[in-house]
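These notes are about the structure you will find just below.
All of the numbers you see were taken from the coordinates with simple rules; none came from a lab. Here the structure is a predicted model, which is why all the values come from computation and not from measurement. Here Cβ is always computed from backbone atoms with ideal geometry, including for glycine, and neighbour counts include all displayed protein chains.
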Amino acid sequence: MAIDFEREFGVNAAYVQTLFEQWRHAPEQVQPEWRSWFEQLDGGTASGNGDAVVAATAESEEVAIEPLRGVGARIAENMIASLEVPTATSVRTLPVKVLEENRRVINAHMAVRVLGKASYTHLIAYALVQALREQPSLQSYYEERDGRPYKATPRHVNLGLAIDMETPKGRALVVPNIKKAETLDFKAFHAAYEEVVARARTGKLEAADFRGTTASLSNPGGFGTHMSVPRLVQGQGLIVATGTIAVPPAVGGMAASNLAAFAIGPVMTMTSTYDHRVIQGAESGLLLKRVEDLLQGADEFYERVFGTLRVPWRPFHPAPDAGRPVTGREEGEKQAKAWELINAYRVRGLLQADLDPLEYRPEYHPSLDPASYGFTIWDLDREFLASGMCGKPVMTLREILEVLRESYCRRWTVEYMHIADRDRKWWVRDRIEPRRNEEVFDHDHRVRILERLIRAENFEQFLHMRFVGNKRFSLEGAESLIPALAEIIERAAGYGVEKVVIGMAHRGRLNVLANILSKSYEQIFQEFEGTVLPRSSEGSGDVKYHLGQRGVFTTASGQEVEVVLSANPSHLEAVDPVVCGMVRGFQDEIGDTDRCKVLAILIHGDAAFAGQGVVAETLQMSNLPAYRNGGTLHLVVNNQIGFTTSPRDARSTAYCTDIAKMIQAPILHANGDYPEAVLRAGHVAVDYWNEFHMDAVIDMVCYRRRGHNEGDDPAYTQPLLYRKIEDHASVRVTYTELLLRRKALTPAECEETGRRIDDELHQALEASRAAQMPEVPIEELVDLGDDDPSDYADAPSPETGVPQEQLVAIVDRLNRMPEGFVVHPNLLRQLRRRERMVRGEQELDWGCAEALAFGALLQDAVNVRLCGQDSGRGTFSQRHAIIRDQVTEADYVPLADLASEQAGFEVRDSLLSEEAALAFEYGYAVARPAAMVLWEAQFGDFANGAQVPIDQFLASGAAKWRQIGGVTLLLPHGYDGQGPEHSSARIERFLQLCSEGNMTAANCSTSGQYFHLLRRQGRSDPKRPLIIFTPKSLLRDKRAASPVSDLAAGRFLEVVPDAVAPSAARRVVLCSGKVYHDLADFREKNGHGDVALVRVEQLYPFPRASVRAELGRYPGAEVVWCQEEPMNMGAWSYMLPRFLDVGVAVAYAGRAASASPATGSYKRHQAEQEYLIRRAFGASA
């Protein structure tokens, strides 16, 4: 049976006939679809035995004669047949400068996304399709029916693409087509084009690919041909050909700089060959004109192309060239515009960066558009001074734009122009621009990234399926955190970091525990199964997503880094200053004065970073002498939501990280869907930290796949957002697809990694269930008693006295100033008095006793750190631990220079903060448990500004996490008539927090007691938090001074007995602190010798045995508790049940209950004070 290939396949007949001949000789080598088709048409006559057809040839010595077979024969037949078609050709030369420049922009954008390239032909073909859609008659072809002529016009544009291929038998031409091309946007058209070409190159075209071609595009210009007039085959009305793209030959020898100077751009010749029976010349000419208009940007042609590809830039458009500047002023103005453009990208380039994984909505920003500065398409190849950009003195505008856009407008970017320090600012610039924000990861690195992503995602999905409804605050949507965190630690280790301390909230914490600190899956699963451990070993505990952990991270090179994840409460960002304090403590402990071996990493949420004041406090601390820790790396997991609050309600700033600009930290933004972008940002952050040892911030823009917790439905408040999230591929899927496009990995490798990790999770779950803990008796789980033995202090304090000669030596050394050091005269007199005090010539005031306590502790090898508001001098000018030269303002710290061999002493004035300042000292104490760490409030009243760390860390840290930070709080307290904000350290609040021996609270009445209390705290091991309600007016009050003999021997007395009252006292007044002296004065003045005054100096743990013993000395006496504070404040509410427990009825003498701690009237204060004193003695008002 004869097959009419010409009728079936037209111009592709030669290609199909070649396949047919191949099928006849070797059927197995032909694709099944073609094999089946040939068998149906030819009756299955393929022989497979390769019978050769020998053609007669005639040769001579001068000429080689070869028969035309297959493709060659069919082409010859087609060309002869084409002579029967009366054709005409239109020719047009098109300017393609606009096409060339826009194609560059498109390809730069596509390269980042590994989406291939857009060739000139892609864009020309797409423009041709649009023109044919508008002028469908240009596709008409001639045919005869029943002897009558007809004009046939296709309803769709099936654009044929002439593809020249190299085959074993020579070059072959095939013309498959893109079906219904006019219905496709450019992105879909590009994909269809590439798919057809790929199948053609691999011999996978099918018969359907050739049928129905309505117009064809040929591109002989790819071989350098300037113009071509292809033949038109029967059954088709139009074929368009394009010539080479180049500058006109007449100026081909000009230098590129001259071409730019004279605004000479490339051109292309385009021909339209048509069937003149149904298409007229004017129509053909208008078609070419329309193609030119579109390629010049008419009717937003490029805007639509850019839009479908999500290219963020405005396309280039034709513009008249103004020519080179004529005067120096014009040249200077144009150069200045170039610098303005450069600066705009450095400042605002991030506005065009692709940072949001859920939606990329590039907006037009005039400051980033060269046209806004008067530049045209003709300026792109002209040179401008570039101020050393990328090490070059001059660059073309095109090069400048490429560097700026690639550096600041990709999937990660940086803000740094707010940095005032020139060295730091230009370091960032020179770190970013020469590399154009791009680092290439090798194969092994990408495998590690993918494996960490798979571990992160599979872990969350496993928990979600196995522990349905359990709160875990999943990391889903932000899985790039795991490879990013690992990369930061890896890179920091390369710079010599030995320990990393991490602080983070609950979201993603379990994932970090498992995949960074190597907490076993089995242990985590046991916590989900509800295994409860006895209280004897774990305290009351905390939920699993608050727990801390220590682990070891092993880098790819085998280096081990200790990683500490700090325990934290639900109070967002409260852990930030704690971690910073821990890092400083660890550094001081190992003598890391360069602060480069221990690194702080804080992981924040976007809403919390912008909204929590402690963040600003912590940032403000970062470069202060008291708190510097070598720089903290901040990683913001930017979920773009805070619980149910959208960014528009969560902050007034453009970015959640804008708060960090106040410390001039570089801020690196990265798209969390692209882990390599996040890692590149991490590299810059770590390198910056290593170079300057200052804070850097990474803003990882991502999303939260589920609600605030796994039981929350976010669609109630963010329906549109969560519709996007539901349809959005996971980070793992996105990155895997990227690697597959790069051909960096195979699908099998990716699947095998996932299966291996899933197997690990299943095995761990089975092991956790097999290792069930035995049921624990209820008495081991629940505290069934009302009291804990540790609530009481029944044993006396240890001896803490220091020999007098040692005290004398300490003061003498402290008062020895460096040669030439000028001390303020008044201070010098105060220091000289201390010399008389230790020699017994006068009693010691509070400041002298404290200095002696610190000095003796330093000689006992106890490190001391004191930090607080005005702590160097002391709020009340009582301390003077820092002495300032009156001429040079140089500082001298005598306690740090006490002896050649002594422990370290550090005293610092803090920033005006309570929460962060106290939390920092708590963290420092956690890291240095043997050191004595003190935080002092300016007034005790202000300590409630630190209520979060007091409640969540100091008071409950040991019970929740078995974490003790033995910080000592010095809280000035006392009713001196200074008003409601300068009277009370809120004793009642601290006592309310006291339980299970978690802290010590004391209110001393003499300097000697204060001395012994400090000594006891410094020498205790372990140290629990100590709250000292320090005096104000008593600091220099002789009534509170102690003889040196009290310091030379003895110990801290939890209860101080009355040394003068008779055993037959009718009344015993129990009190604490300053009020004792007012009571003693009243007793002496009014002759109330039958009233005993007993001081309870340690409020908690309650000295039950001592109190009982003292009251036993006065049988039958009436017992009164006296305090300065209102009845609903102070120690009364705490003391009452304790007295009742020991069988003592006690009366109250103090101020009446009040909403405010104290009156603002000094006269009223005096009246209240007098009344409560008289009431304590039972005297009438």
Using alpha-carbon pairs under 8 Å, 6+ residues apart, how would you state the relative contact order of segment 1054-1181 in percent?
27
Convex hull of Cα atoms in segment 541-689, direction-averaged projection (nm²):
10.5
What order do you get for Phe643, Phe375, Phe1102 when you list them from fewest to most C-beta neighbours inside 10 Å?
Phe643, Phe375, Phe1102
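What does the charge count around Cys702 come to, taking other residues whose C-beta lies under 14 Å from its C-beta (Lys +1, Arg +1, Asp -1, Glu -1)? Could the numbers behind the result be given before it?
On the way: positive: Arg411, Arg507, Arg704, Arg705, Arg706, Lys724, Arg732; negative: Asp354, Asp356, Glu359, Glu457, Glu460, Glu476, Glu479, Asp606, Asp673, Asp699.
In short, -3.
Nearest 500 deg cm²/dmol is fine: what mean residue ellipticity at 222 nm does the chain get from its DSSP H runs of n ≥ 4 alone, each adding -39,500 (n - 2.57), divided by its residue count? Don't skip to the answer; put the middle values down first.
Values: 39 runs with 450 residues, N = 1181.
Roughly -11500 deg cm²/dmol at 222 nm, from the helical runs in the chain.
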Tell me, what HN-Hα J-couplings in whole Hz come from the Karplus equation 6.51 cos²θ - 1.76 cosθ + 1.60 at θ = phi - 60° for each residue of segment 446-459, using x for Gly and Pro?
5, 5, 5, 4, 5, 4, 5, 5, 5, 4, 5, 6, 5, 4
In the structure displayed, which of Lys97/Lys117; Lys179/Lys724; Lys334/Lys392; Lys334/Lys425 lie more than 24 Å apart, Cα to Cα?
Lys179/Lys724; Lys334/Lys425
Compute the distance in nm between two label points, each set 7 Å from the Cα along the Cα-to-Cβ direction, one at Glu805 and one at Asp356.
7.9
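Translational diffusion coefficient, Stokes-Einstein: compute it for segment 1054-1181 using the Kirkwood radius over C-alpha pairs as Rh, at 4 °C and 1.567 mPa s, and state it as an integer in µm² s⁻¹.
Working: Rh = 14.8 Å.
Diffusion coefficient, whole number: 87 µm²/s.
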Helix 397-408: inclination vs the chain longest Cα principal axis, degrees, rounded to 10, gives 50
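Please arrange Cys750, Cys656 by how many other C-beta atoms lie within 10 Å of their C-beta, fewest to most. Could the numbers behind the result be given before it?
Numbers: Cys750 21, Cys656 27.
Ascending number of Cβ neighbours within 10 Å: Cys750, Cys656.
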Test of understanding: ordering Val414, Val1094 by Cβ neighbours within 10 Å, fewest first, what list do you get?
Val1094, Val414
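Of the chymotrypsin sites (Phe, Trp or Tyr not before Pro) in segment 442-517, which ones lie in a loop per DSSP and count no more than 14 other C-beta atoms within 10 Å? Walk me through the numbers before you get to the answer.
On the way: sites: Phe459, Phe462, Phe467, Phe473, Tyr495; in loops: Phe467, Phe473, Tyr495.
Hits after loop and neighbour filter: Tyr495.
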Kirkwood Rh and Cα Rg combined as Rg/Rh, segment 796-1052:
0.95
Under 5 Å between amide hydrogens, which residues at least 5 positions from Ala215 or on another chain qualify, with H placed 1.01 Å from N in the peptide plane?
Asn158, Gly160
Per-residue HN-Hα couplings for segment 862-873 [Karplus 6.51, -1.76, 1.60; θ = phi - 60°; Hz; x = Gly/Pro]:
9, 6, 10, 10, 10, 9, x, 6, 6, 6, x, 8
Using a Förster distance of 45 angstrom, determine the FRET efficiency expected from the C-beta separation of Ser372 and Lys151, and round it to 0.05.
0.35
Say each of Val394 and Ser1154 gets a label point 7 Å from the Cα, pointing the same way as Cα to Cβ; how far apart are those two points in nm?
8.1
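Using a Förster distance of 41 angstrom, determine the FRET efficiency expected from the C-beta separation of Ala795 and Asp1037, and round it to 0.05. Can you show the working numbers first?
Working: r = 31 Å, r/R0 = 0.76.
In this case the efficiency is close to 0.85.
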Amide H neighbours of Arg1051 under 5 Å, counting only residues 5+ apart in sequence or on other chains, H built in-plane at 1.01 Å?
Thr800
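Can you say what percent of the DSSP beta bridges in the chain, counting only those with both residues inside, are antiparallel? Round to 5. The partial results should precede the final answer.
Working: 49 of 119 bridges.
Of all bridge pairs located within the chain, approximately 40 percent are antiparallel.
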Can you give me the distance in nm between label points at Ala246 and Ala108, each placed 7 Å from the Cα along the Cα-to-Cβ direction?
2.7
Over segment 91-179, relative contact order from alpha-carbon pairs under 8 Å, at least 6 apart, %
16
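Once you keep just the Cα pairs under 8 angstrom separated by 6 or more residues, what percentage relative contact order results for the chain? Spell out each step's value before the answer.
Details: 2220 pairs, mean separation 90.8, N = 1181.
Result for the chain is 8 percent.
Give me the tail of P(r) for segment 916-970 as a percent: Cα-Cα pairs with distance above 14 Å. Can you show the working numbers first?
Details: 718 of 1485 pairs.
Roughly 48 percent, rounded to a whole number.
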Got a sec? Which residues in segment 1040-1067 would a label at Asp1081 touch, if it sits 7 Å along Cα→Cβ and we count backbone N under 18 Å?
1040-1042
Grab the Cα-Cα distance for Asp758 and Thr593, subtract it from 0.36 nm times how many residues apart they are, and report the gain in nm with one decimal.
54.9 nm
On each of the three principal axes the extent of the alpha-carbon atoms of the chain, given in whole Å and largest first, is 146, 81, 56
Rounded to whole Hz and in sequence order, give me ³J(HN,Hα) for segment 602-613 from the Karplus expression 6.51 cos²θ - 1.76 cosθ + 1.60, θ = phi - 60°, writing x for Gly and Pro.
10, 9, 10, x, 5, 5, 5, 4, 7, x, 8, x
If you take every DSSP beta bridge whose two residues both sit in segment 796-1052, what share of them, in percent to the nearest 5, is antiparallel?
15
Cβ-based net charge around His604, under 9 Å, with every Lys or Arg adding one and every Asp or Glu removing one:
-3
Tyr1148's amide H: which non-local residues (gap 5+, or another chain) put their own amide H closer than 5 Å, with H modeled 1.01 Å from N in plane and none for Pro or chain starts?
Trp1121
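Could I get the Rg over Rh figure for segment 432-492? Both from C-alpha atoms, Rh via Kirkwood, rounded to two places.
On the way: Rg = 15.1 Å, Rh = 13.5 Å.
Expressed as Rg/Rh, it is 1.12.
Count neighbours as other Cβ atoms within 10 Å of each site's Cβ, and list the GluC sites (Glu not before Pro) in segment 882-936 that are DSSP loop with at most 11 such neighbours.
Those that pass, being in a loop and sparsely packed, are Glu889, Glu901.
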Treating every alpha carbon of segment 328-432 as one equal point scatterer without solvent, the Debye formula yields log10 I(q)/I(0) values at q = 0.12, 0.18, 0.24 Å⁻¹ of -0.42, -0.92, -1.42
Equivalent-ellipsoid semi-axes of segment 84-309, from the Cα gyration tensor, Å, largest first:
29, 21, 18
Full extension between Thr645 and Gln523 adds, at 0.36 nm per residue less the Cα distance, a length in nm of 40.5 nm
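To the nearest 20 debye, what is the magnitude of the charge dipole of the chain about its Cα centre, counting +1 on the Cβ of each Lys and Arg and -1 on the Cβ of each Asp and Glu?
Details: 130 positive and 159 negative charges, 419 e Å.
The calculation lands at about 2020 debye.
Compute the FRET efficiency between Glu144 and His317 as 1/(1 + (r/R0)^6), taking r as their Cβ-Cβ distance and R0 = 35 Å, and round to the nearest 0.05.
For Glu144 and His317, the calculated efficiency is 0.15.
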Cα lying deepest toward the dipole's positive end in segment 283-343, options Leu295, Pro312, Ser284, charges on Cβ:
Pro312
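Which length gain, in nm to one decimal place, applies between Ser257 and Ser652 when the Cα-Cα distance is subtracted from 0.36 nm times their residue separation? Can you show the working numbers first?
Working: separation 395, 0.36 × 395 = 142.20 nm, distance 4.85 nm.
Additional length available on full extension: 137.4 nm.
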